[in-house]
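What follows is a set of notes on a single structure, which appears directly below.
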Amino acid sequence: MKKLLLLSLTIVFYFLSYGQIVKHVVVFGIDGCSPDGIAHAYTPNIDSLVAHGSWTWEAKAQMPTSSSTNWASIIDGVPPKVHGIWSNEWQRSQISDISYCGGKKGHVFPTIFRVLRESNKKAQIACIMEWWSFRRLVEDHVCSIRQRTIWEPVTDVRVPTVIRVRKPEFLFIHFNDVDETGHKYGHGTREYYDAVARVDKSIGKYIAAVKKAGMLESTVFVVIADHGGIGKNHGGNTPQEVNVPFVLSGAGIKKGYHITALVNNYDLPVTIAKMLNAKIPDCWQGKVVSEIFE
């Protein structure tokens, strides 16, 4: 009986301490960044996150492998057949008569931003994006900050400021230059790898800002992409386009662990909600990638 009680207390303590360990999640969303880009570019900061975290280079983007379709899945917790965004031409006006998950007509499918806001009305939730069209995928009035920074030098000033001043519970950063470089010069080119390296340098600055803000021990960092590419394009079903990086590193995450389960990109918001103790909507279809937890 005593041993059983001790075991029960240990289990309770584990779950209580786990809930307290992760207080912040920072997502580095790199548009158009293939695993090949990380493998061949100079990426010491991403490499360090991999070495101290859990990862797979074969997480699956959704078809078609376009940006709006996949960023929607990454924040909505469902595949495109559910959220209904099939191309970059999608606009909110197309859902004026549609209701998702019992919500109001014309509102986008519930995102991780909304889920975290409903879980904590006082939370600092920030979305910093270099691609203007990302904005239309996120609900109005759920983020403390939702701002476009256009290009890397502006992002490199804005993100550390947000971290220092707001200490956000959730920060999502969308990088756009890698995708644009892939379209201009081609995936697998020196220019493409240089673009990946520039993002990695920015990631290093943001990790340093998290450390300076005293958040490092309670933060999980995420690296994910919407799609890869082949030649100067993407949209198809080749491994170069479909396979994307999926890296989580930090508080409560296994170190140096290769994820063995099949991971879809829409598993990410479900996993984040679990880490931050938010209620996972019944209409989300992703799964918690539970094997990454210590």
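The values are calculated or read from the model by the stated rules, or taken from the named source; none is laboratory data. This is a predicted model, so every value here is computed, not measured. FYI the Cβ positions are ideal-geometry reconstructions off the backbone, even for glycines, and counts take in every protein chain you see.
Checked against the criterion of being over 27 Å from Arg135 (Cα atoms) and buried (at least 22 other Cβ atoms within 10 Å of the Cβ), the candidates Ile272, Ile259, Ile203, Ile253 yield just one match: Ile253.
The single condition among (1) touching a helix residue (DSSP H, G or I) at 6+ places or on another chain (Cβ under 8 Å); (2) surrounded by fewer than 17 Cβ atoms within 10 Å (Cβ to Cβ) that Phe221 does not meet is (2). A search for C-beta distances below 8 Å between a residue of the stretch 205-216 that is closer than 14 Å to Leu49 by Cα and among the aromatic types (Phe, Trp, Tyr) and any residue that is crowded, with 18+ Cβ neighbours inside 10 Å and at pLDDT 95 or above, counting only pairs 6+ apart in sequence or on different chains, returns Tyr206/Val26; Tyr206/Phe28; Tyr206/Val159; Tyr206/Pro160; Tyr206/Ile163; Tyr206/Ile173. Within the stretch 53-79, how many residues are surrounded by fewer than 21 Cβ atoms within 10 Å (Cβ to Cβ) and either touching a Gly at 6+ places or on another chain (Cβ under 8 Å) or more than 21 Å from Ile292 (Cα to Cα) (or both)? Here the count works out to 3.
For the stretch 1-52, filtered to residues that are polar (S, T, N, Q), at pLDDT below 95 and under 27 Å from Ile125 (Cβ atoms), the residue that is surrounded by the most Cβ atoms within 10 Å (Cβ to Cβ) is Gln20. If I filter the stretch 232-250 for residues that are among the acidic types (Asp, Glu) and either closer than 25 Å to His24 by Cα or surrounded by fewer than 20 Cβ atoms within 10 Å (Cβ to Cβ) (or both), do I get at least one hit? No, the stretch 232-250 contains no residue that is among the acidic types (Asp, Glu) and either closer than 25 Å to His24 by Cα or surrounded by fewer than 20 Cβ atoms within 10 Å (Cβ to Cβ) (or both). For residues in the stretch 37-88 being charged (D, E, K, R) and out of contact with any strand residue (DSSP E or B) (no Cβ under 9 Å at 6 or more places or on another chain), which is farthest from Leu262 (Cα to Cα)? Ranking the qualifying residues of the stretch 37-88, first place goes to Asp47.
Within the stretch 155-168, identify whether any single residue is over 26 Å from Thr111 (Cα atoms) and at pLDDT 95 or above, and answer yes or no. Yes, because at least one residue in the stretch 155-168 is over 26 Å from Thr111 (Cα atoms) and at pLDDT 95 or above.
Let's see how each residue does on (1) within 20 Å of His83 (Cβ to Cβ); (2) part of a helix (DSSP H, G or I):
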| position | (1), (2) |
| --- | --- |
| Lys104 | yes, no |
| Phe113 | yes, yes |
| Ile163 | no, yes |
| Pro168 | no, no |
| Val178 | no, yes |
| His183 | no, yes |
| His187 | no, no |
| Asp194 | no, yes |
| Ile207 | no, yes |
